Amino acid sequence: MGQIAIAIDDVSKLFRLYHERNNYLKATVLRGRRARYEEFWALRDVSIDIIQGETFGIVGNNGSGKSTLLKCIAGILYPDKGRINVDGRMAALLELGAGFHPELSGRENVYLNGSILGMKRREIDAKIDEIVDFAGLATFIDTPVKNYSSGMYVRLGFSIAISVQPDVLLVDEVLAVGDQDFQRKCLDKVAALRDSGRTIVIVSHGLGQVRQMCDRVAWLDKGNLSAVGPSAEVIDTYAGAAFGTTADQVRGARLGSGEALIENVELCDEHGQPVTTVHTGESVLVRLHYVASHAIVQPVFGITLRRTDGDVIVSSPSTRDTPHVPSYIAGQGIVEMVVDRLPLLPGRYDLGVSLSDVGGRLFDERTHALPFEVAQGDPVEEGGLVTVHPRWKVHAPEGMV
Amino acid sequence: MQVAELVRSRELLANLTLRELRGRYKRSVLGWGWSLLNPLSSMIIYSLVFGFLLKVRFPDGSPSGLKAYGVSLLCGLLAWNFFSLTVGASMGSLIGNASLIKKAAFRREAVVLATVGAQLMTFLIEISLLSIVVLAFYRRMILPWLLLALVLVVLLVAFTTGIALIFSSLNVYFRDLQHLWTLTAQLLFYASPVVYPVKGYVDVKLRGSRMWLRWIYEANPIGAFIQSFRNLLYDFRMPPGGRLAYIVIISFVSLFGGLRVFARLDRRLAEEL
């Protein structure tokens with residue numbers, strides 16, 4: 001084990017939840033006290049040692065305290081108990097371009113933002129060309145930033161922050177900014193920092209990304225540290241706890257007449273065992289448990305894959321394989337859909353199910369029946385949503401072999 | 001430690017001050033002219049109302065021999081404006097920079113100090129212009145007194161910074177402090193010898209059995225600053241030693257008290273904003 005870069009020692013953070021947001025002196029004087037509030041622990045006795053040179057992820061549900069912890073490390077929030085010690089120069093990518101002044105030019109804002117991040121004027125002088133170049137703003141750098149597009153804004157923000165060349169870099173979700181091209185450049189830059197032995201702490205919802213980038217991961221649950229360890233291990237446990245193996249609890253919209261219901265949806269591996277995480281390229285099986293209180297002639301089962309933002313990736317009805325689906329159903333039963341090689345790339349997805357008949361009567365539909373996680377498998381692609389399982393061939397021109 | 005860290009962030013301080021200054025007048029026709037128009041117009045109004053209509057008279061400057069309501073008025077008005085505008089502007093400074101404070105780690109005192117710095121620039125320009133007027137129109141050698149006045153400016157900056165640090169951070173927790181400040185500032189303006197002199201007015205009314213009121217009146221730090229500025233730049237003489245000692249003490253108390261209060265309130269700042 002190397003040197004400790006960030007020592008988080010028994011840190012607790014108390015937040016106040018105001019019943020009425022009433023921070024007025026008048027009200028305080030009249031009531032003899034400040035607004036009524038409840039206290040709750042956003043972080044509770046959290047101790048983690050982050051080693052120099054490792055890439056460390058923090059995961060957890062919304063409100064689990066992961067961003068609070070990051071802000072405590074950054075020195076934006078002060079813990080109520082415990083101590084945090086950071087060794088070396090630190091930079092935080094919390095919100096890109098925070099503190100930009102709209103009336104000032106890009107160049108003036110680079111100096112302003114740079115000094116907020118703790119850079120000296122001479123340092124910025126030396127780096128400004130590189131900063132402008134990386135952001136791709138050479139022609140706009142003397143324009144007031146209020147005329148920038150949001151993309152230009154964050155590009156400049158990222159460019160400044162990363163040029164600090166920190167020993168410790170804190171990242172909060174911000175890598176999901178800008179266009180695909182710039183995202184790639186950002187990830188490359190972060191990877192380069194990691195390769196040069198810098199310590200990186202990432203807070204993210206993108207489990208696939210965390211799994212790929214991080215050596216170790218901490219899982220926070222309601223302010224408590226649930227687990228710390230190798231990233232694959234912790235993320236699998238977390239994903240299991242967060243999503244559940246089966247989706248008994250209905251999420252999203254539920255439509256339909258209810259004469260027949262899809263009671264349960266399971267995502268299984270090739271052996272038919274329910275799993276929470278599947279891998280790109282694996283054989284996968286989706287199992288639907290239905291209950292039909294009335295006999296239904298020529299039922300149509302449908303399965304829809306969505307991105308978490310709701311965009312449909314593919315919608316697949318059972319009518320395409322009619323011989324394998326019963327011509328009528330009544331009572332309880334099971335149907336399964338098999339995918340031989342899962343084309344989805346790492347990320348989070350939603351699985352929706354529906355049950356109707358060929359006449360178009362809808363009995364049951366759940367748009368988000370089962371959220372699930374795809375982890376890296378085979379093949380590994382550079383980016384995007386799906387793989388087409390490509391094979392590359394080279395045809396050498398004449399005279400060359 | 002707090003002070004040492006602030007010294008280390010002096011470049012940030014300079015950049016934040018520049019941002020204030022650049023941002024303030026960037027898109028206005030008169031640009032910097034605005035900052036001078038304000039005291040000029042108040043001077044004309046006060047001269048008309050108090051000097052011309054109500055016949056308020058300042059004693060002649062002694063030993064300078066100056067006889068000018070306007071100059072004497074400005075000695076007080078410029079110092080008053082610096083103090084009240086700085087405290088007023090600083091109260092919005094932390095709230096105005098909320099997104100920055102919630103997303104970046106830096107010494108937050110710098111935001112308040114930048115407001116002070118920006119106002120100080122205006123103040124210095126105004127004092128220079130006043131001195132030029134005295135030199136050019138009244139042909140009096142003001143320069144040695146101007147240097148002494150700069151020492152007083154430093155003390156006034158220290159005093160004002162302390163008050164600004166307290167009010168700006170308290171204002172995050174109690175947002176209606178701003179209204180309270182508007183009222184207080186108005187009261188304080190008339191409780192300070194800006195548009196009238198102490199001699200022949202205050203000292204006539206507040207004596208004998210009302211002497212205790214005079215003590216309260218003299219305890220007003222801003223009044224002490226104004227009288228001292230007037231001593232230096234209008235009368236051309238040293239202010240009384242007792243008053244100077246009071247000013248030095250109250251400036252240090254204010255500055256270090258302000259830094260301490262700010263350090264305490266700073267701890268929950270990012271949450272309360």
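A quick yes/no check of all residues on (1) under 27 Å from B:VAL172 (Cβ atoms); (2) within 14 Å of chain A (Cβ to nearest Cβ); (3) touching a residue at least 60 places away in the same chain (Cβ under 8 Å):
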| position | (1), (2), (3) |
| --- | --- |
| B:GLY23 | yes, yes, no |
| B:PRO59 | no, no, yes |
| B:SER64 | no, no, yes |
| B:SER72 | no, no, yes |
| B:LEU77 | no, no, yes |
| B:VAL87 | yes, no, yes |
Test: residue in the range A:151-160 that is at the interface with chain B (Cβ under 9 Å from one of its Cβ atoms), buried (at least 23 other Cβ atoms within 10 Å of the Cβ) and not β-branched (Val, Ile, Thr)
no
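If you go through the range B:154-166 one residue at a time, how many are in contact with a helix residue (DSSP H, G or I) (Cβ under 7 Å, 6 or more places away or on another chain) and either among the β-branched types (Val, Ile, Thr) or more than 21 Å from B:GLY88 (Cα to Cα) (or both)? Walk me through it before giving the result.
So the first thing to find is which residues in the range B:154-166 are in contact with a helix residue (DSSP H, G or I) (Cβ under 7 Å, 6 or more places away or on another chain), and the list is B:155-166.
This time we only want the ones that are either among the β-branched types (Val, Ile, Thr) or more than 21 Å from B:GLY88 (Cα to Cα) (or both), so: B:157, B:160-161, B:163, B:166.
Qualifying residue count, the range B:154-166: 5.
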The condition of being assigned to a loop (DSSP other than H, G, I, E, B), without any contact (Cβ under 8 Å) to a residue 60 or more places away in the chain and closer than 30 Å to A:CYS214 by Cα holds, among A:GLY377, A:GLY310, A:GLY360, only for A:GLY310
Segments classed as helices (runs of 4 or more DSSP H), wholly inside the range A:64-136, with at least 3 members that are basic (Lys, Arg)
A:121-135
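Being of a type in the set (Phe, Trp, Tyr) and surrounded by 15 or more Cβ atoms within 10 Å (Cβ to Cβ) is the filter; apply it to the range B:107-146 and report the residue that is farthest from the chain's Cα centre (by Cα). Give the derivation first.
The initial filter retains those residues of the range B:107-146 that are of a type in the set (Phe, Trp, Tyr), namely B:123, B:137-138, B:145.
Next cut, surrounded by 15 or more Cβ atoms within 10 Å (Cβ to Cβ) only: B:123, B:138, B:145.
Working: B:PHE123: 8, B:TYR138: 26, B:TRP145: 19 Å.
This residue is B:TYR138.
Any chance the range B:184-199 includes a residue that's within 14 Å of chain A (Cβ to nearest Cβ), part of a helix (DSSP H, G or I) and at negative phi? It would help to see each step written out before you state the result.
Taking the range B:184-199 as the starting set, the residues that turn out to be within 14 Å of chain A (Cβ to nearest Cβ) are B:184.
This time we only want the ones that are part of a helix (DSSP H, G or I), so: B:184.
From what's left, at negative phi: B:184.
Scanning the range B:184-199, I find at least one residue that is within 14 Å of chain A (Cβ to nearest Cβ), part of a helix (DSSP H, G or I) and at negative phi, so the answer is yes.
Filter the range B:47-83 down to the residues that are hydroxyl-bearing (Ser, Thr, Tyr) and surrounded by fewer than 22 Cβ atoms within 10 Å (Cβ to Cβ), then identify the one that is farthest from B:GLN227 (Cα to Cα).
Kept after step one, since they are hydroxyl-bearing (Ser, Thr, Tyr), are these residues of the range B:47-83: B:47, B:62, B:64, B:69, B:72.
Restricting the remaining residues to those that are surrounded by fewer than 22 Cβ atoms within 10 Å (Cβ to Cβ) gives B:47, B:62, B:64, B:69.
Details: B:SER47: 18, B:SER62: 14, B:SER64: 15, B:TYR69: 15 Å.
Residue satisfying both the conditions and the ranking: B:SER47.
Would you check which residues across the range B:231-273 are more than 14 Å from chain A (Cβ to nearest Cβ), assigned to a loop (DSSP other than H, G, I, E, B) and either exposed (fewer than 15 other Cβ atoms within 10 Å of the Cβ) or in contact with an Asp or Glu (Cβ under 9 Å, 6 or more places away or on another chain) (or both) and list them?
Taking the range B:231-273 as the starting set, the residues that turn out to be more than 14 Å from chain A (Cβ to nearest Cβ) are B:231-261.
Going one step further and asking which of them are assigned to a loop (DSSP other than H, G, I, E, B), we end up with B:236-240.
Correct list: B:ARG237, B:MET238, B:PRO240.
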If you go through the range A:80-97 one residue at a time, how many are within 26 Å of the chain's Cα centre (by Cα) and within 10 Å of chain B (Cβ to nearest Cβ)?
8
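Only residues that are part of a helix (DSSP H, G or I) and touching a residue at least 12 places away in the same chain (Cβ under 8 Å): list them for the range A:192-224, please.
Just the residues of the range A:192-224 that are part of a helix (DSSP H, G or I), to begin with: A:192-195, A:207-213.
A:LEU193, A:ARG194, A:LEU207, A:GLY208, A:GLN209, A:VAL210, A:ARG211, A:GLN212, A:MET213, listed by residue number.
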Test for A:SER115: is it more than 11 Å from every other protein chain (Cβ to nearest Cβ) and of a type in the set (S, T, N, Q)
no
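Would you be able to say whether some residue in the range A:41-58 is within 11 Å of another protein chain (Cβ to nearest Cβ), under 30 Å from A:TRP219 (Cα atoms), touching a residue at least 12 places away in the same chain (Cβ under 8 Å) and outside any loop (DSSP other than H, G, I, E, B)?
Filtering the range A:41-58 for residues within 11 Å of another protein chain (Cβ to nearest Cβ) gives A:42.
With under 30 Å from A:TRP219 (Cα atoms) added as a condition, the list becomes A:42.
Checking the rest, the ones that are also touching a residue at least 12 places away in the same chain (Cβ under 8 Å) come to A:42.
Next, from what is left, pick out any that are outside any loop (DSSP other than H, G, I, E, B): A:42.
Within the range A:41-58, one or more residues are within 11 Å of another protein chain (Cβ to nearest Cβ), under 30 Å from A:TRP219 (Cα atoms), touching a residue at least 12 places away in the same chain (Cβ under 8 Å) and outside any loop (DSSP other than H, G, I, E, B).
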B:ASN171 vs (1) surrounded by fewer than 21 Cβ atoms within 10 Å (Cβ to Cβ); (2) within 13 Å of chain A (Cβ to nearest Cβ): all pass except (1)
Restricting to the range A:365-401, name every residue that is modelled with pLDDT of 80 or more and at positive phi.
A:GLY384, A:HIS389
Of the residues that sit in the range B:9-19 and are at the interface with chain A (Cβ under 9 Å from one of its Cβ atoms) and in a helix (DSSP H, G or I), which one is surrounded by the most Cβ atoms within 10 Å (Cβ to Cβ)?
B:LEU16
Quick one: B:ALA104 ticks every box in (1) surrounded by 18 or more Cβ atoms within 10 Å (Cβ to Cβ); (2) in contact with a helix residue (DSSP H, G or I) (Cβ under 6 Å, 6 or more places away or on another chain); (3) in contact (Cβ under 8 Å) with a residue 12 or more places away in the chain bar one, so which box is it?
(3)
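The values are calculated or read from the model by the stated rules, or taken from the named source; none is laboratory data. From a predicted model like this one, the values you see are computed outputs, not experimental measurements. FYI the Cβ positions are ideal-geometry reconstructions off the backbone, even for glycines, and counts take in every protein chain you see.
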